[in-house]
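Asks: Shown below is the structure under consideration.
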Amino acid sequence: MKHGRTKLMSILFVALAVQHGAQASEPPASGERAEMNFHFNTLGVLQFGLDPSFEWGRRTTFVVNARLLNTGVLPYVLTAAESSHDSFSYGFGLGIGVRHYPMSDAQSGFYVGAGLEYMFGKSQDNVDDMAAYSSHYLIPYGTFGYRWWFGSVLLGLGLLGGVAHPIAASAEPIGPSGCRYSDSCRNDAATFPFTMLTLDLGWAL
């Protein structure tokens with residue numbers, strides 16, 4: 001009888017240990033999830049570049065981001081489309097925004113948001129016009145999408161749409177024979193749509 005009781009206590013102890021271990025490995029509950037995360041749009045390499053972003057808050061969050069234009073395809077494609085002699089040199093962006101998750105207080109589920117981004121880009125024509133062009137833009141945008149959490153890892157799918165408005169533009173000659181023609185050093189920076197599909201990947205901090 002004593003032996004049976006000891007065996008039963010051992011089984012209960014093992015069961016409690018297994019249960020405790022399972023609970024420890026479960027992802028944190030929504031209310032326990034970190035209020036800050038780091039994420040980036042993995043599809044940025046096919047669009048306007050990667051955008052390392054920090055987000056903090058719960059149901060309503062604030063987002064700050066950078067944009068590395070040289071890591072995306074579109075700046076090179078759009079520059080080449082303007083002229084066969086033009087090539088994209090480098091560029092970056094800095095942005096602030098806000099998101100709202102109406103169905104959750106843990107940065108999850110459906111969201112809507114808006115923000116403003118400053119973007120700078122430089123291109124050059126060192127074949128014909130012999131000039132370098134610098135352009136500055138302000139981009140108001142809206143966004144919506146859906147976010148999932150897998151433990152401390154996040155995945156989000158969404159759409160961002162805005163318009164890039166030029167706020168300043170300049171041109172300068174390249175070398176002693178720069179600005180070869182009368183209009184070579186004229187930088188007519190134009191407004192263009194700034195729309196991207198987003199596939200965010202990140203983790204809680």
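Asks: Taking the simple approach of a point 7 Å from Cα along Cα-to-Cβ for both Ser182 and Met36, what is their distance in nm?
Replies: Spacing of the two 7 Å Cα→Cβ label points: 5.8 nm.
Asks: Further question on the same structure: Using 0.36 nm per residue, how much length does the chain from Phe110 to Val153 gain when fully extended, once their Cα-Cα distance is taken away? Show your work: numbers first, answer last.
Replies: Working: separation 43, 0.36 × 43 = 15.48 nm, distance 1.68 nm.
Here the segment from Phe110 to Val153 would lengthen by 13.8 nm.
Asks: Given Ser170, His136, Asn126, which one lies farthest toward the positive end of the charge dipole of the range 64-205, if we put +1 on the Cβ of every Lys and Arg and -1 on the Cβ of every Asp and Glu?
Replies: His136
Asks: Now a separate question. Which chymotrypsin sites (Phe, Trp or Tyr not before Pro) does the range 111-205 hold that lie in a coil by DSSP with at most 16 other beta carbons within 10 Å?
Replies: Details: sites: Tyr111, Tyr118, Phe120, Tyr133, Tyr137, Tyr141, Phe144, Tyr146, Trp148, Trp149, Phe150, Tyr181, Phe194, Trp203; in loops: Tyr181.
Loop-located and lightly packed - Tyr181.
Asks: Now for a different question. Starting from the range 65-103, pick out the chymotrypsin sites (Phe, Trp or Tyr not before Pro) whose DSSP state is loop and whose Cβ has at most 16 other Cβ atoms within 10 Å.
Replies: In loop regions of the range 65-103 (DSSP not H, G, I, E or B), there are no sparsely surrounded chymotrypsin sites (Phe, Trp or Tyr not before Pro).
Asks: Moving to a separate point now. Given H placed 1.01 Å from N in the peptide plane, which residues other than close sequence neighbours of Phe194 have an amide H under 5 Å from its amide H?
Replies: HN-HN under 5 Å from Phe194: Gly162, Val163, Ala164.
Asks: Continuing with this model, one more query. Taking 0.36 nm per intervening residue step and subtracting the Cα-Cα distance, what contour gain separates Asp128 from Val45 on full extension? Walk me through the numbers before you get to the answer.
Replies: On the way: separation 83, 0.36 × 83 = 29.88 nm, distance 2.94 nm.
Gain on stretching Asp128 to Val45: 26.9 nm.
Asks: List, largest first, the extents of the alpha carbons of the range 35-204 along their principal axes, each in whole Å.
Replies: Dimensions of the range 35-204 along the principal axes of its Cα atoms: 60, 24, 20 Å.
Asks: Taking 7 Å along the Cα-to-C-beta vector as the label spot, tell me the Leu138-Ser84 distance in nanometres, rounded to one decimal.
Replies: Distance between label points: 3.9 nm.
Asks: Determine the dipole magnitude for the range 60-149: charges of +1 sit on the beta-carbon of Lys and Arg, -1 on that of Asp and Glu, nothing else is charged, the reference point is the Cα centre, and the result goes in debye to the nearest 20. Before the final figure, lay out each step's value.
Replies: Values: 4 positive and 7 negative charges, 106 e Å.
Computed about the Cα centre, the dipole is about 500 debye.
Asks: Using all C-alpha to C-alpha distances in the range 26-122, build P(r) with 5 Å bins and read off the rounded percent in each one.
Replies: Using 5 Å bins, I get a P(r) of 3, 13, 18, 19, 15, 11, 9, 6, 4, 2, 1, 0 for the range 26-122.
All of the numbers you see were taken from the coordinates with simple rules; none came from a lab. Just so you know, these numbers come straight off a predicted model, no measurement behind them. Heads up, the Cβs are rebuilt from the backbone with ideal geometry, glycines too, and the neighbour counts pull from every protein chain shown.
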